[in-house]
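Student: Just passing along the structure, written as structure tokens.
All of the numbers you see were taken from the coordinates with simple rules; none came from a lab. This structure is a prediction, so every number in the text was calculated from the model and none was measured. Glycine also receives a Cβ, built like all others from the backbone with ideal geometry; neighbour counts cover every protein chain displayed.
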Amino acid sequence: MLIQNDKIRLARHHQDGHSHSHPHSRGDTEVHSVKSGRREIKVVRRVLDVNDKMADENRELFNRHGVFVLNMMSSPGSGKTTTLEKSLATIMPEIKCAVIVGDICTTNDADRLAVSGAPVVQINTDEFGGDCHLAAHVIEKAARSIDLDAIELLIVENVGNLVCPAEFDIGEDARAVILSVTEGEDKPLKYPLMFRKSDIAILNKTDLLPYLDYDVGEAVRSIRQIHPDMPVFEMSSKTEEGMGPWLDWLKRQVRDKLQQA
Ligand SMILES: Nc1nc2c(ncn2[C@@H]2O[C@H](COP(=O)(O)OP(=O)(O)OP(=O)(O)O)[C@@H](O)[C@H]2O)c(=O)[nH]1
Ligand SMILES: [Mg+2]
């Protein structure tokens, strides 16, 4: 089942009636930074406060239904959708899943993920300003299209971006960041917030290692420099080699959440 924006009509307005006011969104930030840098900071803080409040409400909703929510983030093209396609195919017989997928444009990812048979809700952020991340109010609206009593796992594929999604709590239980071996070993050091705020990291596309001059040890050291205890799963979502530990981790989270409910 594929549900698109035009069916659920996601509004571009935050709870306080302001239109999109992400720290670097076009109109708002420009106006405020011309007036005063301090004022800009106040506005940003307030937007994030509103988002955090909505995220807490989402979390309470998901907790009431015993649904484990995973926020999956990465740069564009690191392999979020491929990892989900392969993961859903393996865990779906065992675990009831749904997916919310965020993109600026197109339903390409949702079309790919709908093949799994899981309910998929597509969010196109170009309908509300082309946001480079998913925010809590968007997840709240998308979740209305999903029967939360019928699922145990909700995976959110965030918009491909290694910076902005890290700033926005959406009410998830855990965050996974994917880094692929074509991106360079230093990315965790250059984009530390994403790695600091994630609970696990996937080092993807390891099937390409024979063709690259890539130092896996250095990449893992970069991740651990930012987040010392974070589990790192090295795998290829193309060949599925190494996916076992990641899937075991995911299944364990869902089981633990169900036991808490
Ligand atoms: N060789 C190889 N290619 C992969 C792997 N995982 C994904 N790809 C390829 O990488 C490209 C991007 O993969 P996607 O899964 O669409 O990446 P994404 O993170 O969902 O991309 P966005 O949603 O656009 O941010 C596709 O051509 C995939 O086939 C992998 O493990 N190995
Ligand atoms: Mg994708």
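Student: Please report how far the C-alpha centroid of region 40-109 lies from that of region 168-204, rounded to the nearest whole angstrom.
Tutor: 14 Å
Student: Going through region 174-251, which GluC sites (Glu not before Pro) have at most 12 other Cβ atoms within 10 Å and a DSSP loop state? Working shown, then result.
Tutor: Details: sites: 183, 185, 218, 234, 240, 241; in loops: 183, 185, 240, 241.
Answer in residue order: 241.
Student: Please compute the net charge surrounding residue 212, taking Lys and Arg as +1 and Asp and Glu as -1 over other residues with Cβ under 11 Å from its Cβ.
Tutor: Taking every other residue near residue 212 into account, the sum is -4.
Student: Now for a separate question. Say a paramagnetic label sat at a point 7 Å from the Cα of residue 126, along Cα to Cβ; which residues of region 94-120 have their backbone N under 16 Å from it?
Tutor: 102-111
Student: What does the C-alpha gyration tensor say about the overall shape of region 208-250? Classify as rounded when a/c is under 1.5, otherwise prolate if a/b is larger than b/c, or oblate.
Tutor: oblate
Student: So, how do all the Cα-to-Cα distances of region 81-130 break down into 5 Å bins, in percent, from 0 on up?
Tutor: 5, 23, 30, 20, 11, 7, 3, 1
Student: Given axes a ≥ b ≥ c from the Cα gyration tensor, I'd like to know whether region 157-218 is rounded (a/c under 1.5), prolate (a/b larger than b/c) or oblate.
Tutor: prolate
Student: In units of 2.2 N^0.38 Å, what is the alpha-carbon radius of gyration of region 189-261?
Tutor: The reported ratio for this selection is 1.25.
Student: Take the Cα atoms of region 122-261, build their convex hull, and give its volume per residue in Å³.
Tutor: 131 Å³
Student: Let me ask something else about it. Dipole size in debye (nearest 20) for region 135-256 around its Cα centre, Lys and Arg Cβ +1, Asp and Glu Cβ -1?
Tutor: 220 debye
Student: Which percent of Cα-Cα pairs in region 90-186 sits in each 5 Å bin, short to long?
Tutor: 2, 12, 22, 24, 20, 13, 5, 1, 0
Student: Could you pull out the pairs from 187/251; 86/251; 80/187; 190/238; 53/96; 197/238 whose alpha carbons sit more than 21 Å apart here?
Tutor: 187/251; 190/238; 53/96; 197/238
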